[in-house]
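Peer 1: One structure follows; several queries about it will come next.
The values are calculated or read from the model by the stated rules, or taken from the named source; none is laboratory data. Small disclaimer: the values here were computed from a predicted structure and weren't measured. All accessible areas refer to the heavy atoms of the entire protein, side chains included, with ligands and DNA or RNA removed. Shrake-Rupley method; radii C 1.70, N 1.55, O 1.52, S 1.80 Å.
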Amino acid sequence: TAQLASRCFNGASAQRSYGRILPMIDRKAKLVMAWTPRAACTLAVSIFVDHLGRLREAQEYEGGFIHSFRQDVLGPAYVATEEDLANASLFKLKIVRNPFARAVSSYSHQMMTDFSHSNCHDDKCFGAELKYVLGLSASAPLTGVSFIAWLRAMRQGRAMQAPSRSRTPGANGRTSEL
């Protein structure tokens, strides 16, 4: 049912691309597979492509990056539609990762990369957005950000949005949205 499809894919429309991550379908096998980023999706897509009998072809395409093959070669023919997601006769699965393990992995990655280049003063970089959420100045270092503070910033959601807002300095030195 449509409700099952909505739950299976967190309400995401099959036509909406989250960084070009769309559910794959094998209509012959009546199988729909979706995934979240950082959840062994490269392996999952490789297994799916192997199931289609096209893994060798994928390995030879552009250095073997499976996601390029999925997008460029398989293309829309292997992308599930809204009708597919609502089709009760199709088996649907979504590969996800334990949320805590994913959070720890993301935080560790940010620590290793200096919070995605925290010295960036461009509002479009993650470090600048994180500083904004944490109420830090643009020149403040992020090296002392604890896991808990980082989680709280992620929970606010602003740090994960593409910053396209205009900001003005407030009376307390912090910025506010226009």
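Peer 1: Just the number please: accessible area per residue for region 39-80, 1.4 Å probe, all protein chains included, in Å².
Peer 2: Details: 2310 Å² over 42 residues.
Per-residue value: 55 Å².
Peer 1: OK, next. Working out 0.36 nm times the residue gap between ILE148 and ARG102, then minus their Cα-Cα distance, what length gain in nm do you get to one decimal? Working shown, then result.
Peer 2: On the way: separation 46, 0.36 × 46 = 16.56 nm, distance 1.43 nm.
This chain segment gains 15.1 nm when fully extended.
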